Structures are given as C-alpha cells and as structure tokens.
Amino acid sequence: MTQQLDIQLSFTINGEPVSVKNFSPAMTLLEYLRLSGRSGTKEGCGDGDCGACTVALIGAGANGQPHYQAVNSCLIPLGAVAGRQVLTADGITQCQIPKDAFVKEPVTADQLHPVQSAMVETGGSQCGYCTPGFIMSLFAAYYDGTPDDLSVEGNLCRCTGYIPIRRAAQMVADATIQDQFLEQLVSASTTLVPLAYTGHDEQFYRPTQLSEVLDLLQQHPAATLVAGATDLGLEMSWHRQHYPTLISLEAVGELKQIQQTDELVEIGAAVPLSHIETTLHGVFPSLDEMIHWFAARQVRNRATLGGNIGTASPIGDLPPVLLSLDAMLKLAGPGGDRTLPLANFFTGYRQTELQPGEVIVSVQIPKALTPGATRRLAQSYKIGKRGTDDISIVAAAFVVDVDWANQILDARLGYGGVAATPARAIAAESFLIGKPWTADTVQAVKPILQDAFTPLTDLRGSAEYRKRLVVNLFEKFSVEFP
C-alpha cells in the first residue's frame, strides 16, 4: 500500500517548533542549522571526526529511558530528526540567544549552563571554534552523570587546550542536577512516529514495522536504506549525492532488540553501538574491545551493527570480530526469512549476498565453546593513526578454543583491511587445529599468515606493512593469552 507523502517536516530546535517545506530530506542537520541562521553550531571536518558540529538529540538510551545523546550533526540527514528534539550550544543558556538577532546585552555568568560556566572558569576555550562541540558533548554527559575525558573523545581541539577542558569536565562531574533541561528530559517521548515526506524531489520514509520496510522496497527497488547514517552521511556531507528515496530503519521495532539465551545472543540490525556497548558488556570481550575503538561516542550513538555489516566495507571494524565469533545473519525479504553465516555474506568489494528487497534483521552470535573445549581465548585489535574515531589500517580478531591439555580444538582468525572483503585466514586456522597452544605453534603458523592475504598499498599503509600486521597481531595475541 502506497503511503501518502507529506510536504512538511516538523521537529524542535532548542524548544522552538520548526516546520520545513521543500527541503531535501538528505540535507544534513548541520547544513540546515547554518542555513537557518543557527550558526553557533560549527562546521569543521564534515565527516564526523572533529566534533565541532556536535548537538544533542533526545533519544532512548540502552535502558529505554530518554537521554541526551551527543551526535555529529554533519552526518544526520534532516529526515532523521523529524519529530525529535534537537539542542545546540545556542540553546542551553538560561536565556536563549535569538538565532537571527544581534545580542546587545551579553549573557551573564549566572545565565550560563554549568558546563559553559566551567569552560569559562578554566579557560577551556581558546580560538573558540571547537567550543560549541565540546560544550554539547559535556552537556549530554552531564545529564548522564558521566562528564569525563571519554565524553569528549570525539571532539578535536586544534589549539591543544585539552588540560583546561579536562578540568572543566572534572568541575561538573559531581554537580547536583535539577533544572529545566532535566525536566525536559524526564517528560520527553522517545517514540519515533511513522514518516513519509517528500521535498526537493526526494522521498524519505520512516516505517515502524519490518513488513512495511519490505513493502516499500518492493515499491522502490532502487531505494537506499539508512539507519544511523554515519557512513551514508559522508556521502551526503562531502559528495552531495542525490538520493531519490531513503528508507530509514531506526524506528523498526523488530530491528532494535537485543535478546540473550544461554546459547545465543541476537542483536537487531538497527541497535546503536552505544546500546550494545552497555547491554552486552562482558559477554564478548573481543566485541567490547572493538566497539571501544570503533569511533567516538557521537558516532557510537548513531552507528548500527547492521549498517557496519551492510556497507560491506573491507575496513569495517566489526566484521572481523563477528567472523571470529562465528556469527550468523538473519535476513528478511519478499521470499521470507533466511539465515546465512557471516563468512558467506561478503562476495566482493562492497558486494554481498543480499538479494533485491532483502534487509539484515539481526546478527546471531553463539556463546558456546567448541565441544570438548575448557577455555576460550579471544581478543580483537585495531591499528589506526588515531585511537578512536579513525579508519583502521588493519583490524583483527581471534578466537582459539583449547581443551584441558591445551590442544587447539578450533581457531577463527578474522581480518579487515587486508583484502577486498573482511575475511578469515582459513589456511592458518586449519594448521592450528589439533596443535598445542604454544609459542612453537605460533612461530610455525607465521609463514602461513604472512601469505594469507594480498593487501593493497594506500595512504594509510603499505601492503608490506599490512602483511606484517597480519602476523604480528596474532603473535601479540599469543603473548597476551598464553
């Protein structure tokens, strides 16, 4: 059934109702903010790395309750904020700064938000360009009770003023919170309503049921699926790509569940990584490790597991971990549901086994060890030029199950950044099975790992460097898990 398209898109910015017409739903929120005169939100890198454009959205946290979520406005399509509440650095003072008027009277200290006051007192702003982003990251963390170094890990200060910014975070760490922003949070709704919007010759749908997604894909075979938009947002921000039809998955209930049994964990494809990080902490240590290094908090608040898999990037961070954990994908399409091993999903560069009209529903990860095993050794590693929020040069994840005699019963070695797809080192795995887990075995498998892949040379690293990392990361793993 074809949905009636609306020509109006409504949301709120700093408590002010906003309705837009004939705006592209693929326009980024940052671009709209600046075009509409709300220039306090700054444009820096445009790809989610610097955090200058950080704003706060009210959304459901991992516990299902409303939270302020710091996000990069340069990566969010305008259609995704329909029905949502957006806050910017202009709007968190006690007297809000008019968006289109010159402020003749300066804002006084008692009118600043506590995180703004702390930045002033510690001298946390130098050139000031990055400051609105830092403020909004601290703002979101302030109401979660977590303003610390990690809360601003996605914000870059080009003046190297991190010490006073850190002091500002420490100043508000134990603050007593009772203000209008907390009241706004408590009373907020996080339910995303269905949406069918058209503007600038582009359509944006936000269905709430999986069956509706499948119907829309039948009606619009060339549509682009979007969840957190942290990858697609780069195309919108940098390349100004035209997307005639976007179908958002972030309101589909079937895709946003995490279910656990004694044997299995099933993670919905549209669950944000920050929810996985919280809900499943300690269940799969190698997944915990990779999500920590995956990106900064602003990106983890939006990025989804299904998105990271569905883009089929050879340098996606999570596929190597999921390959090592022997994950399965649940897919749904016009022909019904089917389950597919992740190892069989990637068929070539940016190519997958997804059939026309199919979507990724969930990722299933078994918990059980190999029969006969008494111990599991598992860890993941990411090598990049920066700690978090950077593209990996090589990502690797390893699982080795051993028995009481320290014999290897199963081994799965997943890698990213070394081939056209995320891949396992099958020959090395076969060599390891049945061998003792010892330093001699690790030395013996190194020549096999050295020839396991034929990586490319690019700006991030040479082919030779990547080949060495394939070997050295496994040797590092063997030292850390003797």
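The values are calculated or read from the model by the stated rules, or taken from the named source; none is laboratory data. Just so we're clear, the structure is a prediction, and the values are computed from it rather than from any experiment. Every residue, glycine among them, receives a Cβ derived from its backbone with ideal geometry; neighbour counts consider all protein chains shown. All accessible areas refer to the heavy atoms of the entire protein, side chains included, with ligands and DNA or RNA removed. Shrake-Rupley method; radii C 1.70, N 1.55, O 1.52, S 1.80 Å.
Go through (1) open to solvent by 80 Å² or more (accessible area, probe 1.4 Å); (2) touching a helix residue (DSSP H, G or I) at 6+ places or on another chain (Cβ under 7 Å); (3) modelled with pLDDT under 90 one by one and return the number of the condition R167 breaks. The number of the failed condition is (3). Candidates T388, T421: the one that is surrounded by fewer than 18 Cβ atoms within 10 Å (Cβ to Cβ), under 22 Å from the mean Cα position of the chain (by Cα), of a type outside the set (F, W, Y) and within 30 Å of S248 (Cα to Cα) is T388.
Listed by first and then second residue, the pairs linking a residue in segment 330-346 that is over 14 Å from L214 (Cα atoms) and free of Cβ contacts under 8 Å to residues at least 60 places away in the same chain to a residue that is surrounded by 12 or more Cβ atoms within 10 Å (Cβ to Cβ) and β-branched (V, I, T), with Cβ atoms under 7 Å apart and 6 or more places separating them unless they lie on different chains, are F345/T352. Pairing residues of segment 172-193 that are farther than 14 Å from A140 by Cα with residues that are open to solvent by 100 Å² or more (accessible area, probe 1.4 Å) and modelled with pLDDT of 90 or more, at Cβ distances under 7 Å and at least 6 apart in sequence or on separate chains, gives no pairs at all.
The condition of being within 24 Å of L287 (Cα to Cα), of a type outside the set (D, E), open to solvent by less than 20 Å² (accessible area, probe 1.4 Å) and out of contact with any strand residue (DSSP E or B) (no Cβ under 8 Å at 6 or more places or on another chain) holds for only one of V399, V479, V445, V471, that being V471.
Among residues belonging to segment 11-40 that are of a type in the set (S, T, Y) and over 21 Å from the mean Cα position of the chain (by Cα), point out the one that is most open to solvent (accessible area, probe 1.4 Å).
So the first thing to find is which residues in segment 11-40 are of a type in the set (S, T, Y), and the list is 12, 19, 24, 28, 32, 36, 39.
Now drop any that are not over 21 Å from the mean Cα position of the chain (by Cα), which leaves 12, 19, 24, 32, 36, 39.
Working: T12: 35, S19: 72, S24: 19, Y32: 18, S36: 31, S39: 55 Å².
Among them, the one singled out is S19.
Only residues that are open to solvent by 30 Å² or more (accessible area, probe 1.4 Å), modelled with pLDDT of 60 or more and aliphatic (A, V, I, L, M) were counted across segment 101-128, and they come to 2. Taking segment 1-59 as the range and being under 15 Å from S73 (Cα atoms) and of a type in the set (A, V, I, L, M) as the test, the residues that pass are I13, A26, M27, L29, L30, L33, L35, A52, V55, A56, L57, I58.
Given the criteria out of contact with any Lys or Arg (no Cβ under 8 Å at 6 or more places or on another chain), farther than 26 Å from P285 by Cα and open to solvent by 40 Å² or more (accessible area, probe 1.4 Å), does T374 qualify?
On the way: out of contact with any Lys or Arg (no Cβ under 8 Å at 6 or more places or on another chain): yes; farther than 26 Å from P285 by Cα: no; open to solvent by 40 Å² or more (accessible area, probe 1.4 Å): yes.
No, not satisfied.
Only residues that are closer than 12 Å to A140 by Cβ and in a loop (DSSP other than H, G, I, E, B): list them for segment 64-87, please. Hits for segment 64-87: nothing passes. Hey, can you tell me all the residues within segment 41-53 that are in contact with a helix residue (DSSP H, G or I) (Cβ under 6 Å, 6 or more places away or on another chain), of a type outside the set (D, E) and open to solvent by 10 Å² or more (accessible area, probe 1.4 Å)? The one that is in contact with a helix residue (DSSP H, G or I) (Cβ under 6 Å, 6 or more places away or on another chain), of a type outside the set (D, E) and open to solvent by 10 Å² or more (accessible area, probe 1.4 Å): K42.
Can you tell me which residue within segment 184-218, out of those that are of a type in the set (D, E, K, R) and modelled with pLDDT of 90 or more, is nearest to E254 (Cα to Cα)? Explain how you work it out, then say what you get.
So in segment 184-218, the residues of a type in the set (D, E, K, R) come out as 201-202, 206, 212, 215.
Cutting the leftovers down to modelled with pLDDT of 90 or more gives us 202, 206, 212, 215.
Numbers: E202: 26, R206: 14, E212: 11, D215: 15 Å.
If we take residues in segment 184-218 being of a type in the set (D, E, K, R) and modelled with pLDDT of 90 or more, then E212 is nearest to E254 (Cα to Cα).
Consider segment 391-404 and keep the residues that are farther than 15 Å from E429 by Cβ and not charged (D, E, K, R). The one that is nearest to the chain's Cα centre (by Cα) is I391. Looking only at segment 6-39, residues that are farther than 24 Å from G228 by Cβ and either in a loop (DSSP other than H, G, I, E, B) or of a type in the set (D, E, K, R) (or both) come to 7 in all.
If you check H281 against the conditions, is it free of Cβ contacts under 8 Å to residues at least 12 places away in the same chain, out of contact with any Gly (no Cβ under 6 Å at 6 or more places or on another chain) and either within 28 Å of N72 (Cβ to Cβ) or crowded, with 17+ Cβ neighbours inside 10 Å (or both)? Steps first, answer last, please.
Details: free of Cβ contacts under 8 Å to residues at least 12 places away in the same chain: yes; out of contact with any Gly (no Cβ under 6 Å at 6 or more places or on another chain): yes; either within 28 Å of N72 (Cβ to Cβ) or crowded, with 17+ Cβ neighbours inside 10 Å (or both): yes.
When the stated conditions are applied, H281 passes them.
Here A270 clears all of (1) of a type in the set (A, V, I, L, M); (2) out of contact with any Gly (no Cβ under 7 Å at 6 or more places or on another chain); (3) assigned to a loop (DSSP other than H, G, I, E, B) except the condition numbered (2).
Considering segment 225-252, and only residues there that are hydroxyl-bearing (S, T, Y) and at pLDDT 95 or above, the residue that is farthest from G306 (Cα to Cα) turns out to be T245.
The residues of segment 296-353 that are of a type in the set (A, V, I, L, M, F, W, C), in contact with a helix residue (DSSP H, G or I) (Cβ under 8 Å, 6 or more places away or on another chain) and assigned to a strand (DSSP E or B), listed by number, are M328, L329, A332, F346.
Give me the residue from segment 184-197 that is open to solvent by 40 Å² or more (accessible area, probe 1.4 Å) and either more than 25 Å from the chain's Cα centre (by Cα) or hydrophobic (A, V, I, L, M, F, W, C) (or both) and, out of that set, nearest to T245 (Cα to Cα).
Taking segment 184-197 as the starting set, the residues that turn out to be open to solvent by 40 Å² or more (accessible area, probe 1.4 Å) are 184, 186-187, 189-191, 193-194.
When the remaining residues are screened for being either more than 25 Å from the chain's Cα centre (by Cα) or hydrophobic (A, V, I, L, M, F, W, C) (or both), the result is 184, 186-187, 193.
Values: Q184: 33, V186: 35, S187: 33, V193: 18 Å.
Residue satisfying both the conditions and the ranking: V193.
If you go through segment 142-160 and pick out every residue that is in contact with a Lys or Arg (Cβ under 8 Å, 6 or more places away or on another chain) and surrounded by fewer than 24 Cβ atoms within 10 Å (Cβ to Cβ), you end up with 4.
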